[in-house]
Amino acid sequence: MFDDMTCCTEKDVQRLLTLVGKKRQQQALRFKHLFGQWTSLKACELLLQLWQLTPPLPDFEENDYGKPFLPHFPFFSISHCRAAVAVATDSRPIGIDVETIRHPSQSLVEKVMNESEQVEIANADNPDVAFIQLWTKKEAWLKLQGTGIRNDLQQTLVFDRNTPQPLFTTYVKDNAYVLTIAQAQEIQ
C-alpha cells in the first residue's frame, strides 16, 4: 500500500520507467497525464519490492479477460486511484481495489447496485462511503475471479448468507479512500 501521492514528479516517472520492461513502459506512457503514468509504474515498483526482485519487472501477460499475470510468479492484483496505489500478492488468486471517496450519480447507483445494496447506501451515515465500499468489494471480487467488470454488477456479491466471503474492506478517512482485498478460499 502506498498513499503518499505527493511523490509524483516527472523525475520519479523517469526513474520508475527503468524498473519495468519495454511493453510496460509503453502501457504506462499511454496515460495522458503524468499522475496516471506514475501510479501505473508505482504499482510495478511495489511488486518488485514485495517479491524482492531486481529490476526490470518482467512484462505482464494477460488472460482472456485482460487480467495481468506473470507465469511462474505468485498471483497478484493491482489498483490505483487519486489517493493510493495498492498491490496484493498471494499463492492463490487474489483481487484488490482502491477507490477515492466521491459522490456517485443516482443513475450509477441504480445501474451497478441491486435493490438491497441501494437501500444499504441510502440508509448509511455516509452514503458516498457506503457506495465506494460496495463498489470496491465488487471490483476486488471480479478481479479475484479474473473476469474484470464484465459481469452483471447488480448480481456481483449476491452470496449465500451462510457462506463466509473472503473480503476485507477498510476505509482510510484521513486520505479519503476505501481499499478491499478479495482472497480465494482454501480448498479443503
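Details
- As for region 57-73, it holds no residue that is among the acidic types (Asp, Glu) and assigned to a helix (DSSP H, G or I).
- Contact annotation: residue pairs with Cβ atoms under 7 Å, 6 or more positions apart or on different chains, pairing a residue in region 167-187 that is in the same structural domain as residue 91 (by TED's automatic domain parsing) with a partner that is surrounded by fewer than 18 Cβ atoms within 10 Å (Cβ to Cβ) and of a type in the set (D, E, K, R), are 175/3; 183/90; 183/92; 184/92.
- In this entry, residue 140 passes the filter for residues that are assigned by TED's automatic domain parsing to the domain that holds residue 178 and surrounded by 15 or more Cβ atoms within 10 Å (Cβ to Cβ).
- Counted residues, region 24-41 - those being closer than 15 Å to residue 10 by Cβ and surrounded by fewer than 15 Cβ atoms within 10 Å (Cβ to Cβ): 5
- Residue list for region 176-188, filter: at pLDDT below 95 and outside any strand (DSSP E or B): 184, 185, 186, 187, 188
- Scanning region 76-98 for residues that are crowded, with 22+ Cβ neighbours inside 10 Å, farther than 19 Å from residue 28 by Cα and either among the hydroxyl-bearing types (Ser, Thr, Tyr) or more than 8 Å from the chain's Cα centre (by Cα) (or both) yields one hit, 88.
- Residue list for region 66-75, restricted to those being surrounded by 13 or more Cβ atoms within 10 Å (Cβ to Cβ) and in contact (Cβ under 8 Å) with a residue 12 or more places away in the chain: 67, 70, 73, 74, 75
- Residues that are in contact with a strand residue (DSSP E or B) (Cβ under 9 Å, 6 or more places away or on another chain), farther than 17 Å from residue 138 by Cβ and among the polar types (S, T, N, Q), drawn from region 81-110: 89, 91
The values are calculated or read from the model by the stated rules, or taken from the named source; none is laboratory data. None of these values were measured; they are calculated from a predicted model. Using ideal geometry, Cβ is built from the backbone for each residue, glycine included, and neighbour counts are taken over all protein chains shown.
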